[in-house]
Amino acid sequence: MGAGVAKKSGGGGRRGRRRGSAAAMSEINVTPFVDVMLVLLIIFMVAAPLLTVGVPIELPDTAAKALPTEQEEPLAITLTADGLIALQTTEIGDAELIPRLMAIAAERTTNKIFLRVDGQVPYERVAQVMGALNAAGFNDIGLVTEANGPSFGGN
């Protein structure tokens, strides 16, 4: 990103330089800067999808608005289409769910839990997990869905 040197051709005159002498080029070469920015753009485009919770599921579409953000990282429980339960990104058994949540809740300031459920999971299974969370004292449960679903005539 320095100044280059350009040869000035021809010309005599009173203020002209000697034939073949070099003059400083006054343009800035932005090509390396553009190259670096394009590489950074590609890196961020590849890394952005990796920053979400890593259990792949098909969330149902709803017309609900997003919840306000929290100071702590939200605690997420995921029910996959296979019927497995994942706490954040770690798969756990049904019997391990409540003891692990109780241990984590002792260190947190909020008891907010987000429940991510695949659209193929039967409602009975969702109700069982929500009932277990409620019985264990976790009453602030947020259901995670995709936006832009049907509004059924609402605003």
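For beta carbons closer than 6 Å, sequence separation of 6+ or different chains, a first residue in the range 69-94 that is at pLDDT 85 or above and charged (D, E, K, R) and a second that is loosely packed, with under 15 Cβ neighbours inside 10 Å and not in a loop (DSSP other than H, G, I, E, B), there are no qualifying pairs.
Of the residues making up the range 99-119, those that are within 14 Å of residue 145 (Cβ to Cβ) and outside any strand (DSSP E or B) are 118, 119.
Residues are listed down the side, and each one gets a yes or a no for (1) modelled with pLDDT under 85; (2) in contact with a strand residue (DSSP E or B) (Cβ under 7 Å, 6 or more places away or on another chain):
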{"residue": "100", "(1), (2)": "no, yes"}
{"residue": "105", "(1), (2)": "yes, no"}
{"residue": "148", "(1), (2)": "yes, yes"}
{"residue": "155", "(1), (2)": "yes, no"}
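Give the residue that is nearest to residue 139 (Cα to Cα), with candidates limited to residues of the range 77-128 that are of a type in the set (A, V, I, L, M) and within 22 Å of the chain's Cα centre (by Cα). In this case the residue turns out to be 113.
The values are calculated or read from the model by the stated rules, or taken from the named source; none is laboratory data. A quick note: this is a predicted structure, and the numbers were derived from the prediction, not measured. Glycine gets a Cβ as well: all are built from the backbone with ideal geometry, and neighbour counts include every protein chain shown.
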